[in-house]
Amino acid sequence: MNVYDRWVFPPLLDLVMRQSQLEKYRREAVAAASGRVLEIGVGSGLNFPFYGERIEIVIGIDPSPHLLAMASRRAEGARVRAELLQASATAIPLADNTIDTIVMTWTLCSIPDPLTALREMRRVLKPDGRLLFIEHGLSPEAGVERWQHRLTPMWGHISGGCHLDRKMDDLIRSAGFELTDIRTEYARGPRMFTYMYEGCARPTA
């Protein structure tokens, strides 16, 4: 991990992800979580204030120790029972079928191997569990899509590996999930960055 990734990117990511327009997405997804929750890419813990009383514990994983330190402070402030683990989504350190709800907010775009990560999520999720997600990704508009493909290589270098051009619904389906709810829309801002996928998925039988 270089100096930028270790020291500069974590506080910058926290600042960017605190945009007020993202709060409604967080609130809608996180409030639906229940039981034993696994949050993929917990980051600086910005989702903690929105967890309701139906959760037992939030297990948050993230590869960055600096973001996890921020998340620990936010968990205390939100009075959320949390266990934070420095780990990758492609090798989740949990047993099979032990999680009721997985929460993933703007995370899949930056995982180097998203299919492996999603299969790991399916492994730890109970058969009747749910994956709640908010992601940004590939736009259905041809002109926007072309720019997403052009910008992604450069953008990834300064954004922790973020891809602008992943078709999130197809990725989730291909990893063994059934989408029970999916909503797409543009949030405010440049369209290359703001096409949102929001929904719920369950493991296929």
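The values are calculated or read from the model by the stated rules, or taken from the named source; none is laboratory data. As the structure is a prediction and not an experimental result, all values here were calculated from the model. When we count neighbours, we look across all protein chains shown, and the Cβ atoms used for this are built from the backbone with ideal geometry, even at glycine. Protein only, heavy atoms only, side chains kept; ligands, DNA and RNA dropped before computing areas. Shrake-Rupley method; radii C 1.70, N 1.55, O 1.52, S 1.80 Å.
What the table shows:
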quantity	calculated
Any hit, the stretch 129-144, residues being touching a helix residue (DSSP H, G or I) at 6+ places or on another chain (Cβ under 8 Å) and either among the β-branched types (Val, Ile, Thr) or open to solvent by 30 Å² or more (accessible area, probe 1.4 Å) (or both)	yes
Matching residues in the stretch 25-54 - criterion: being within 17 Å of ALA71 (Cβ to Cβ), open to solvent by 10 Å² or more (accessible area, probe 1.4 Å), part of a loop (DSSP other than H, G, I, E, B) and among the hydrophobic types (A, V, I, L, M, F, W, C)	LEU46
Residues satisfying the stated conditions in the stretch 182-201, i.e. under 22 Å from ARG123 (Cβ atoms) and surrounded by fewer than 19 Cβ atoms within 10 Å (Cβ to Cβ)	CYS200
Filtered residues of the stretch 55-89 (kept if in contact with a Phe, Trp or Tyr (Cβ under 7 Å, 6 or more places away or on another chain) and not in a strand (DSSP E or B))	ARG74, ALA75, ALA78, VAL80
Qualifying residue in the stretch 67-85 (condition: hydroxyl-bearing (Ser, Thr, Tyr) and farther than 15 Å from GLY43 by Cβ)	no
Which listed residue, of HIS149, HIS163, is open to solvent by 30 Å² or more (accessible area, probe 1.4 Å), touching an Asp or Glu at 6+ places or on another chain (Cβ under 7 Å), modelled with pLDDT of 95 or more and of a type outside the set (Lys, Arg)	HIS149
Lone unmet requirement of (1) in contact with an Asp or Glu (Cβ under 7 Å, 6 or more places away or on another chain); (2) outside any loop (DSSP other than H, G, I, E, B); (3) among the aliphatic types (A, V, I, L, M) for ILE92	(2)
LEU115 among the hydrophobic types (A, V, I, L, M, F, W, C), open to solvent by 40 Å² or more (accessible area, probe 1.4 Å), touching a residue at least 12 places away in the same chain (Cβ under 8 Å) and part of a strand (DSSP E or B)	no
Test: ASP169 is assigned to a loop (DSSP other than H, G, I, E, B), acidic (Asp, Glu) and in contact (Cβ under 8 Å) with a residue 24 or more places away in the chain	no
Tally, over the stretch 79-122, of residues that are of a type in the set (Phe, Trp, Tyr) and at pLDDT below 95	0
Among (1) open to solvent by less than 30 Å² (accessible area, probe 1.4 Å); (2) touching a residue at least 40 places away in the same chain (Cβ under 8 Å), the one test that PHE9 misses	(1)
Some residue of the stretch 170-181 being within 16 Å of ALA117 (Cα to Cα) and modelled with pLDDT under 95	no
Contacts under 7 angstrom Cβ, first residue in the stretch 15-26 being closer than 16 Å to TYR195 by Cα, partner surrounded by 11 or more Cβ atoms within 10 Å (Cβ to Cβ) and charged (D, E, K, R), 6 or more apart	TYR25/GLU198
Given (1) open to solvent by 30 Å² or more (accessible area, probe 1.4 Å); (2) in contact with a Leu (Cβ under 9 Å, 6 or more places away or on another chain), index of the condition ILE59 fails	(1)
